[in-house]
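Encoded as C-alpha cells, the structure appears first; notes follow it.
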Amino acid sequence: MQKDLVSISEISKDDIELILDTASSFRDVLRRDIKKVPTLRGKTVVNLFFEPSTRTRTSFELAEKRLSTDVFNFSVPTSSVVKGESLLDTVRTIQSYGADYIVIRHSASGVPHFIAQNSAASVINAGDGINEHPTQALLDAFTIREQKKEIKGLEIALVGDIVHSRVARSNILCLLKLGANLRLIGPPTLIPNTLPKGIKVFYDMDEGLNGVDVIMMLRIQMERMGKGFFPSTREYFKLWGINQERLAIACKDAIVMHPGPMNRGIEISSEVADCPQSVILEQVTNGIAVRMAVLYLLGGSKNAE
Ligand code: CP
C-alpha cells in the first residue's frame, strides 16, 4: 500500500478489500484473552487531534497499543499551538522525534494531505473538516460485510446531513467502489448538488427507506452549519428521523448504523438506537481492528525512505 491514508479516492477496490480482510484477522486477535501482538514494536505513533473525538481517538490509541507501538498523544490545548506555532512547525517538531505515523484530525479540509506532503511519516486522516473520514468508511464497510456477507448489490441509504458530513463523503466513495446501490435521503438543503453517477436521491424518508438493506443515519453537524437548513430539530425528526415505524418500511433484516456521536431524538429515536437491528456498538468495536489493519498495511515511515 502507499505511504498515507488521507482519502478513499486514492485507494483502489483491491486495497479496500485487503484492509477489510486484514481487519478480519485482527478481529480474531481482539477476541483472544491476550489482545496484543508485537507486529509494530519499535514504531512510534503520534495522535494529533485538533478537533474533539471520542471513538476515533480512543480506537486509534487502542489499535496502536494492541500492535505494540509507542503512542504519543499530542495535547493541542496545552501545546505551543495556542501561542501561534504554525501547523508545519508543529509537525516538523513531532517528526524530529522520529514519528513513524501521524494520525491527524483537523477542522480544515486538506490538512492531512498537506502534512503527508511535508512529512516522512505515514499520515492517517482521522477526519478533516467536511472532506473525508476514511477509516470511518472502512470500519462501516467492515461492519456491513460482517452483517450481510457481501456489499455488492446491497441497497444502502445514507440519511440526513450529507452536505456537511465527511463520513458520508468517504462512505459514498468506498461503498460505490465495493458495488453497493446508494440512496441519499434528507432535506434538499442538506444534499449536495453534484453527486457521483447512479446515486438515487429521496427527499421523502418513507419513500427512500422502502427496500433498503442498510440504513446509515448521519449526525446533524450543527457546528458546521448556520441557521436555516431546516425549520427546527422537532420538524427534522418528524420528517427525516428514524423511529420504529419507519424502520419497519425497510427490509425486515435491515441494519441501522450511525457513526456517532448520536443526537438521540433528532436523527434517531432511542428505541431504534438500542434495538436488535442496530449495529452502532459493533461499528465502534470494529474500529479497532480496522485501524490496526490500516497501521499494519501502511507500515510507517520506512515506506518513505
Ligand atoms: N465517528 C466519529 O468520528 O466519532 P468521534 O468524533 O467521536 O471520533
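The values are calculated or read from the model by the stated rules, or taken from the named source; none is laboratory data. Fair warning: this is a prediction, and the values are worked out from it, not measured in the lab. Because the Cβ atoms are built from the backbone with ideal geometry, glycine has one as well, and the counts that use them run over all protein chains shown. Side chains are part of the model used for accessible areas, which takes the heavy atoms of the whole protein and leaves out ligands, DNA and RNA. Shrake-Rupley method; radii C 1.70, N 1.55, O 1.52, S 1.80 Å.
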Handout entry: Ratio Rg/Rh [Cα only; Rh per Kirkwood] for the stretch 238-297
Key = 1.08
Fill in the blank from the handout: Any aspartates and glutamates whose Cα falls less than 14 Å from that of Lys252, other than same-chain ones fewer than 8 residues away, would be Glu155, Asp213
Fill in the blank from the handout: Low-density loop GluC sites (Glu not before Pro), the stretch 39-122, at most 16 other Cβ within 10 Å, DSSP non-H/G/I/E/B, are Glu85
Fill in the blank from the handout: Expressed as a whole-number percentage, the relative contact order of the chain with C-alpha contacts under 8 angstrom and at least six residues apart is 22 percent
Completion exercise
Counting sequence-distant residues (5 or more places) and residues on other chains, those with an amide H built under 5 Å from that of Gln277 are none
Completion exercise
Counting only protein heavy atoms and rolling a 1.4 Å probe, one gets per residue an accessible area for the chain in Å² of 43 Å²
Exercise for the section: Quote the Stokes-Einstein diffusion coefficient, in whole µm² s⁻¹, for the stretch 91-163, based on the Kirkwood radius over alpha carbon pairs, a temperature of 25 °C and a viscosity of 0.890 mPa s. Expected result: 171 µm²/s
Practice task
Using θ = phi - 60° and the Karplus relation 6.51 cos²θ - 1.76 cosθ + 1.60, list the HN-Hα couplings for the stretch 103-119 in order, rounded to whole Hz, with x at every Gly or Pro.
Solution key: 9, 10, 10, 8, 6, 9, 5, x, 4, x, 4, 4, 5, 4, 6, 10, 9
Exercise for the section: Keeping every protein chain in place, order Thr90, Thr54 by accessible area at 1.4 Å, biggest value first, i.e. largest first. Expected result: Thr54, Thr90
Exercise for the section: With +1 on each Lys and Arg Cβ and -1 on each Asp and Glu Cβ, and nothing else charged, work out how big the dipole of the stretch 134-281 is about its Cα centre, in Debye to the nearest 20. Expected result: 480 debye
Practice task
Could you work out the equivalent-ellipsoid semi-axes for the stretch 134-281, taking the square root of 5 times each eigenvalue of the Cα gyration tensor, largest first, in whole Å?
Solution key: 21, 18, 14
Completion exercise
Within the set Asp206, Asp128, Asp100, GNM on the chain using Cα springs under 10 Å gives the largest fluctuation to Asp206
Problem - Backbone HN-Hα couplings from phi across the stretch 72-84 [Karplus 6.51/-1.76/1.60, Hz, Gly and Pro as x] - result: 10, 9, 6, 9, 4, x, 9, 9, 6, 4, 5, 8, x
Practice task
At 0.36 nm per residue, minus the direct Cα-Cα distance, what do Lys197 and Gln244 gain on full extension? Give it in nm, one decimal, please.
Solution key: 13.8 nm
Problem - Cleavage-rule hits, chymotrypsin sites (Phe, Trp or Tyr not before Pro), the stretch 132-206, DSSP coil, Cβ neighbours within 10 Å at most 16 - result: Tyr203
Exercise for the section: Report, in deg cm²/dmol and to the nearest 500, the calculated mean residue ellipticity at 222 nm for the chain, where each DSSP H run with n ≥ 4 adds -39500 (n - 2.57) and the sum is divided by the residue count. Expected result: -11000 deg cm²/dmol
Fill in the blank from the handout: For the stretch 159-212, the Kirkwood Rh over every pair of distinct alpha carbons, in Å, works out to 11.4 Å
Handout entry: Relative contact order for the stretch 146-305, counting Cα pairs under 8 Å that sit 6 or more residues apart, in percent
Key = 21 percent
Handout entry: ³J(HN,Hα), Karplus 6.51/-1.76/1.60, whole Hz, each residue of the stretch 11-25, x for Gly, Pro
Key = 10, 8, 4, 5, 4, 4, 5, 5, 4, 5, 5, 5, 4, 4, 5
Fill in the blank from the handout: Carbon plus sulfur, as percent of the 1.4 Å-probe accessible area of the stretch 134-281, comes to 51 percent
Practice task
Starting from the alpha-carbon convex hull of the chain, give the projected area averaged over all orientations, in nm².
Solution key: 15.7 nm²
Practice task
Specify the inter-centroid distance of the stretch 108-173 and the stretch 54-104, based on alpha-carbon positions, in whole Å.
Solution key: 20 Å
Fill in the blank from the handout: Cα extents of the stretch 42-135 along the principal axes, largest first, in whole Å, come to 33, 29, 26
